[in-house]
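Working notes, structure below.
The values are calculated or read from the model by the stated rules, or taken from the named source; none is laboratory data. Quick caveat: nothing in here was measured; it's all calculated off a predicted structure. Please note: Cβ atoms are built from the backbone with ideal geometry, for glycine as well, and neighbour counts cover all protein chains shown. Heavy atoms of the whole protein, side chains included, go into the accessibility calculation; ligands, DNA and RNA do not. Shrake-Rupley method; radii C 1.70, N 1.55, O 1.52, S 1.80 Å.
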Amino acid sequence: MHATSTVHAPDGAAPTSVPPISDSKTFSRAFADIKTGFAAKELWGHLGWQDIKQRYRRSVIGPFWITISQGVIALGLGLLYSQLFNMPTATFLPYISTGFIIWGFISGCLSEGMETFISNEGLIKQLPAPLSVYVLRTVWRQTLMLTHNLIVYVIVIAVFFTSLNHQYTLNSGVCEPNFSGICHPGIGWYSLSAIPGFFMLALNAGWVTLLLGIISTRYRDIPQVVNSLIQLLFYMTPIVWPIDQLMAGGFKAANSGLLPYVYANPLFHFIQIVRAPLIGQAVSIWSWVVVGGITVVGWALALVAMRNYRSRVSYWV
């Protein structure tokens, strides 16, 4: 409740009431919402974990169905595409398995992020909590699912470690002395760079969930449009097919004309900063530059949306 102020009029004139100035559309309120949301880690942490438990309630193995489902898909498509592309299973199966795991996190944040405020309608209207709590709940839930899926990665790497702990190619499995294609360095201490890569991925999941959540709450057709595009983006991003097949060397004499379009796809760089270290491949510095630039621009847009429309979300849901 805001108090009204009174302006004293000159002698002989009637006093004039001045309406209070609202601070709801300020960056300070937007930052305060995010800061308070992070402080309520017990709330969004509990809600996110309850989402997983509720989804697999009364199931015998519970959340590990996530792991089994991911493992079956990765194994089936890995064996199929390795035959279609004529690539060794020992190097291609880790590639496609890791790609599926990271893509699952990205697509989950996109599809469920758009519904983050709509699906929390009851809590938003009854619980006086910051909006960022629901954003963090969605990102935390996707992180828990990613953690379950990492079991698949650990099993696959354990089985094919001897094929990835040295220089290798996806085309033939070994780097011949006169080979002119991409020769990957192999798994080593360098693979730990996947940890900051995932933090960057989660940081971007935050602004994507916040921005798309606000837009989708106001315009309910947006989730349908984005869901239609997610399937297209899956096939246009190197997840089930490797970029090695577009490069010179191996099966091709020259670089494919599609390479510039692949590099222009931001999702390629987001996947690459996590997947490449995990399977012993090098990450281009440009992938980090692209991800860093998108992070800055994305959070700037999300903060503007937060400043202007944060107070309206409870009316739109």
**Prompt:** What shape does the range 84-144 take by its C-alpha gyration tensor, where a ≥ b ≥ c are the square roots of the eigenvalues and a/c under 1.5 counts as rounded, a/b above b/c as prolate, and the rest as oblate?
**Reply:** prolate
**Prompt:** Which whole-number percent of Cα pairs in the range 32-164 have a distance greater than 20 Å?
**Reply:** 54 percent
**Message:** What distance in nm separates the two pseudo spin-label positions at THR295 and TRP49, each 7 Å out from Cα along the beta-carbon direction?
**Reply:** 2.7 nm
**For TYR219, solvent-accessible area (1.4 Å; no DNA, RNA or ligand), Å²** = 130 Å²
**Request:** Just the number, please: carbon plus sulfur as a percent of the accessible area of the chain, 1.4 Å probe, no ligands or DNA/RNA counted.
**Result:** 66 percent
**Message:** Using a 7 Å offset from the Cα along the Cα-to-Cβ direction at both SER311 and SER193, what is the distance between the two label points in nm, to one decimal?
**Reply:** 4.7 nm
**Request:** Please give the solvent-accessible surface of ARG312 in Å², to the nearest 10, using a probe radius of 1.4 Å with every protein chain present.
**Result:** 100 Å²
**Prompt:** Tell me, what is the percent relative contact order of the chain, built from C-alpha pairs under 8 Å that lie six or more residues apart?
**Reply:** 24 percent
**For the range 206-317: rounded, prolate or oblate by the Cα gyration tensor [a/c cutoff 1.5]** = prolate
**Prompt:** What angle do you read, to the nearest 10 degrees and between 0 and 90, between the alpha-carbon axis of helix 285-309 and the longest principal axis of the chain?
**Reply:** 20 degrees
**Message:** For MET114, MET236, give me the order by solvent-accessible area with a 1.4 Å probe, most accessible first, ignoring ligands, DNA and RNA.
**Reply:** MET236, MET114
**Prompt:** For the range 130-173 and the range 252-317, what is the separation of their Cα centres, given in Å?
**Reply:** 18 Å
**Cβ-isolated cysteines (cut-off 4.7 Å), the chain** = CYS109
**Item:** Dipole in debye (nearest 20) - the range 13-123, about Cα centre, beta carbon charges: Lys, Arg +1; Asp, Glu -1
**Value:** 220 debye
**Prompt:** Once amide H atoms are built 1.01 Å from N in the peptide plane, which residues 5 or more positions from TYR168, or in another chain, come under 5 Å H to H?
**Reply:** HIS184, GLY186
**Fill in**
In nm², the average projected area of the convex hull spanned by the Cα atoms of the chain is 21.6 nm²
**Fill in**
Each label sits 7 Å from Cα toward the beta-carbon; between THR147 and TRP286 the label points are separated, in nm, by 3.7 nm
**Tensor-based shape of the range 141-259 (alpha-carbon gyration tensor, a/c under 1.5 rounded, otherwise prolate or oblate)** = oblate
**Fill in**
In nanometres, the difference between 0.36 nm per residue of separation and the alpha-carbon distance of SER69 and ASN165 is 31.8 nm
**Item:** Semi-axis lengths, Å, the range 16-104, gyration tensor of Cα atoms, sqrt of 5 times eigenvalues
**Value:** 48, 21, 10
**Fill in**
Zone reached by a paramagnetic label modelled 7 Å from ILE61 Cα along Cα→Cβ, restricted to the range 95-139 with backbone N below 19 Å, covers 97-98, 101
**Message:** Given a 10 angstrom Cα cut-off, can you work out which residue in VAL225, VAL154, VAL139 is the most mobile in a GNM of the chain?
**Reply:** VAL225
**Message:** What's the magnitude of the charge dipole for the chain around its Cα centre, counting Lys and Arg as +1 and Asp and Glu as -1 at the beta-carbon? Answer in Debye, nearest 20.
**Reply:** 560 debye
**Request:** Report the residue, chosen from ARG307, ARG57, ARG218, that carries the largest GNM mean-square fluctuation when the chain is represented by alpha-carbon nodes joined by springs under 10 Å.
**Result:** ARG57
**Item:** GNM top mover of GLY213, GLY76, GLY280 - the chain, alpha-carbon springs below 10 Å
**Value:** GLY76
